[in-house]
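Accompanying notes for the structure given below.
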Amino acid sequence: MTACDTCVVRNRAICSALDAGELAALNSISRRRSLSPGESLMWEGEDSILVANVIDGVLKLSTGTEDGREQIVGVVYPSDFIGRPFGSTTGHGVTALTEAHVCVFTRRDFDAFAREHPALEHKLLQRTLGELDRTRRWMLLLGRKSAGERVASFLLEMSERLVEQGCQGTHDHPLARFTLPFSRQQVADVLGLTIETVSRQFTRLKSEGLIDLPSRREVAIVDREGLVIEAG
């Protein structure tokens, strides 16, 4: 059996468009890699030499500001595709937030394979357009929403994304309790807020009965409709 035969995200990743023979060919140019929390896979501005499918774990996409601060610009989950195929440089750094496993390809090998398999290119285009839609929603969140609306939107997004990536829950009944792969400081960085503001909003949402906080990282959505209203 190949790694593709036992891959837990095979039916959700971009390679789901391939048949058995094509998967075997793709497997021949891939390798598995494990990442510890804080370990980087790609670095902003460097040559684009790798692309990868996320098998499990959560990773952050980040970029550096002119004054040396880090800005988290995205999060990737199991079955997500990372890296820049058909490109020369990497637009952002990719670092594990949790223990993670990825299926890695050299960009050159992947590009050549994708050109010969239109179904894979089509899947990649679908993923790219989906990510573009999420980016546009995020621009609205950061540009127009209040602190409370940002935190509420973030929690709903986390719940829904965990469903999309094949974790617990369904689209009709999204995950009501989950563990954040972020510290409060990282949540603040993602939302463009201070850690004090994020903490105040978490406390307020809990006191209003919209969420519960069983532990520092765990969040339970108690009143989803109320949280949707709060998110604006």
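Coordinate-derived values only; no laboratory data. What you see is a predicted model, and the numbers here were worked out from it, not measured in a lab. Note that each Cβ is placed from the backbone with ideal geometry, even for glycine, and that neighbours are counted across all protein chains shown.
Working note: Cα atoms of the stretch 14-130, range along each principal axis, descending, whole Å: 48, 27, 24. Extending 7 Å from Cα along the Cβ direction at R33 and again at T194 yields two label points whose distance is 3.8 nm.
When each of the peptides 220-229, 126-135 is scored by the mean number of other C-beta atoms lying within 10 Å of its residues, the order from highest to lowest reads 220-229, 126-135.
Counting Lys and Arg as +1 and Asp and Glu as -1 over every other residue whose Cβ lies under 12 Å from the Cβ of V73, the net charge comes to -2. What residue among I49, I82, I29 shows peak mean-square fluctuation when the chain is described by a Gaussian network model with Cα springs under 10 Å? Maximum fluctuation in the GNM of the chain, among the listed residues, is at I29.
GluC sites (Glu not before Pro), restricted to the stretch 34-81: which are DSSP loop and have at most 11 other Cβ atoms within 10 Å?
Working: sites: E39, E44, E46, E66, E70; in loops: E39, E44, E46, E66.
Loop-located and lightly packed - E46, E66.
Taking a sphere under 10 Å around the Cβ of S16 and counting the other residues whose Cβ falls inside, with K and R at +1 and D and E at -1, yields a net charge of +3.
Projecting the Cα atoms of G45, S153, H122 onto the charge dipole of the chain (Cβ charges, centred on the Cα centre) puts S153 farthest toward the positive pole. Note on the chain: with charges restricted to the Cβ of Lys and Arg (+1) and Asp and Glu (-1), its dipole about the Cα centre is near 220 debye.
What size of dipole, in debye to the nearest 20, comes out for the stretch 14-130 about its Cα centre when the only charges are +1 on Lys and Arg C-beta atoms and -1 on Asp and Glu C-beta atoms? Intermediate results must be reported in sequence, preceding the final value.
Details: 11 positive and 16 negative charges, 38 e Å.
Its charge dipole is roughly 180 debye.
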